[in-house]
């Protein structure tokens, strides 16, 4: 599974990245977590409120820092 | 090689401390002023302005539905509405520049287009809630109000100008794709809009009355009456606030709110206090001298001449201000003799533009549009400075 975190380097993006890592760890899944900081790519996803989480090219929660529990729920709902 | 550098550093340090002009007043005073400035902010602005302001910013981020605003910036929105929303939405959408740029890029490429994107870019940093609160508190409500109104009006004008300058290009450019707003269904928090409104009012009410300015002696107006009872009123709002939190909020809502406020605080406060320190060091508190002599400031940007306003705009456009640091710096400048008009010009051009963000803007819209934008910002900031300076005098 590929999880991308979009954000230009604000503290909230870092927090979301940490939460995503934690969630993947707790679920015991192989996840590749990538931080995307280039403005162009963020806009390509149509995201204007950062941070945002993208899983398999689908955008979740633009503008919100999801908690570990919320990220687990999102991951479970996909797989 | 490494040893040589070390020796140079040690010799340099030795010479520096050996010849440190500690006895000289013009050396000691700026250091004293830097500490005095920090002291003044810690005493006057932290408890009753900065803490409530950060709590309000966190609450806006956490409890207001940003999507309700964002959907008016999409590609299909009525254009007039888009300009209007873009010019005022900075107040609820942005706190730092790292959130402004994705919004700008998204609105330009996939949303309402160049004009509204530019309008948002210009007004965003000036009308975010922290900036308005601290400008009004530190520099006076007139300048705070002028900053907010100036930013909104001129953002629309600048947006429209760029739109018409690049009209043919804009017509050809098709927006590709759609913006992602996320699901609007927020958690059922069980509060009505009215209850949320009351929650914000209780915080703002505390801040307004706790900071109620002292009236002039002999003033018998309502203003003086309110001043007499300001602490009663402020405490009443605090009690209302606590009551609202206890009865209408669930515990799991309060934690994310405090976390948001904390993250804004972490992000902004250290740089703000560094800015305060340097403002004190270089410019001194109002009426005192820092390293830069007051007469130098007064000659460059004193009064309300065209050249003073223009100079302030240009400097503001290229200089980088970390969020909110423009305020102590301006306080120092005004104290050293800067005119009110140039002060507004700097406030308008400053946070909206800086050399680093010019480069990002250029990567999004290209060199030509960036140059037009910079030129318009400088012209508009100069004009609004002139107008404001004339009204105040």
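Structure summary
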quantity	calculated
Filtered residues of the stretch A:53-64 (kept if crowded, with 18+ Cβ neighbours inside 10 Å, within 12 Å of chain B (Cβ to nearest Cβ) and farther than 15 Å from residue B:67 by Cα)	A:53, A:54
Leading residue by the ranking (surrounded by the most Cβ atoms within 10 Å (Cβ to Cβ)) among those in the stretch B:84-102 that are more than 17 Å from the chain's Cα centre (by Cα) and in contact (Cβ under 8 Å) with a residue 24 or more places away in the chain	B:85
Of all residues making up the stretch B:24-72, the number that are under 21 Å from the mean Cα position of the chain (by Cα) and not in a helix (DSSP H, G or I)	2
Condition met for residue A:3 (in contact with a strand residue (DSSP E or B) (Cβ under 9 Å, 6 or more places away or on another chain), more than 7 Å from chain B (Cβ to nearest Cβ), under 26 Å from residue B:58 (Cα atoms) and modelled with pLDDT of 85 or more)	no
Any hit, the stretch B:372-388, residues being surrounded by fewer than 21 Cβ atoms within 10 Å (Cβ to Cβ) and within 27 Å of residue B:42 (Cβ to Cβ)	no
Matching residues in the stretch A:36-45 - criterion: being out of contact with any helix residue (DSSP H, G or I) (no Cβ under 6 Å at 6 or more places or on another chain) and in contact (Cβ under 8 Å) with a residue 12 or more places away in the chain	A:36, A:37, A:41, A:45
Filter result for residue B:30 (at pLDDT 90 or above and over 23 Å from residue B:137 (Cβ atoms))	yes
Which listed residue is touching a helix residue (DSSP H, G or I) at 6+ places or on another chain (Cβ under 7 Å), surrounded by fewer than 16 Cβ atoms within 10 Å (Cβ to Cβ) and outside the structural domain of residue B:333 (by TED's automatic domain parsing), from B:15, B:22, B:55, B:38	B:22
Verdict on residue B:107 being within 14 Å of chain A (Cβ to nearest Cβ), at pLDDT 85 or above, touching a helix residue (DSSP H, G or I) at 6+ places or on another chain (Cβ under 6 Å) and assigned to a helix (DSSP H, G or I)	yes
Selection status of residue B:295, over 29 Å from residue B:60 (Cα atoms) and assigned to a helix (DSSP H, G or I)	yes
Per-region count, the stretch B:160-204, residues farther than 30 Å from residue B:52 by Cβ, more than 14 Å from chain A (Cβ to nearest Cβ) and either at pLDDT 75 or above or surrounded by 14 or more Cβ atoms within 10 Å (Cβ to Cβ) (or both)	13
Residues being within 30 Å of the chain's Cα centre (by Cα), surrounded by fewer than 17 Cβ atoms within 10 Å (Cβ to Cβ) and in a helix (DSSP H, G or I) - total across the stretch B:209-223	1
Any hit, the stretch B:116-131, residues being surrounded by fewer than 24 Cβ atoms within 10 Å (Cβ to Cβ), over 12 Å from the mean Cα position of the chain (by Cα), outside any loop (DSSP other than H, G, I, E, B) and modelled with pLDDT of 85 or more	no
Residue list for the stretch A:12-30, filter: out of contact with any strand residue (DSSP E or B) (no Cβ under 7 Å at 6 or more places or on another chain), closer than 19 Å to residue B:264 by Cβ and surrounded by 17 or more Cβ atoms within 10 Å (Cβ to Cβ)	A:12, A:15, A:19
Selected residue (only one of B:258, B:274 is out of contact with any helix residue (DSSP H, G or I) (no Cβ under 6 Å at 6 or more places or on another chain), touching a residue at least 12 places away in the same chain (Cβ under 8 Å), more than 14 Å from chain A (Cβ to nearest Cβ) and part of a helix (DSSP H, G or I))	B:274
Residue satisfying all of: in the stretch A:31-47; facing another protein chain (nearest Cβ under 8 Å) and touching a strand residue (DSSP E or B) at 6+ places or on another chain (Cβ under 7 Å); surrounded by the most Cβ atoms within 10 Å (Cβ to Cβ) among these	A:47
Residue match in the stretch B:322-338 (condition: within 18 Å of residue B:272 (Cβ to Cβ), assigned to a loop (DSSP other than H, G, I, E, B), at pLDDT 90 or above and more than 14 Å from chain A (Cβ to nearest Cβ))	yes
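The values are calculated or read from the model by the stated rules, or taken from the named source; none is laboratory data. Values in this document were obtained by computation on a predicted structure and should not be read as measured data. Note that we place each Cβ from the backbone using ideal geometry, even for glycine, and neighbour counts take in every protein chain shown.
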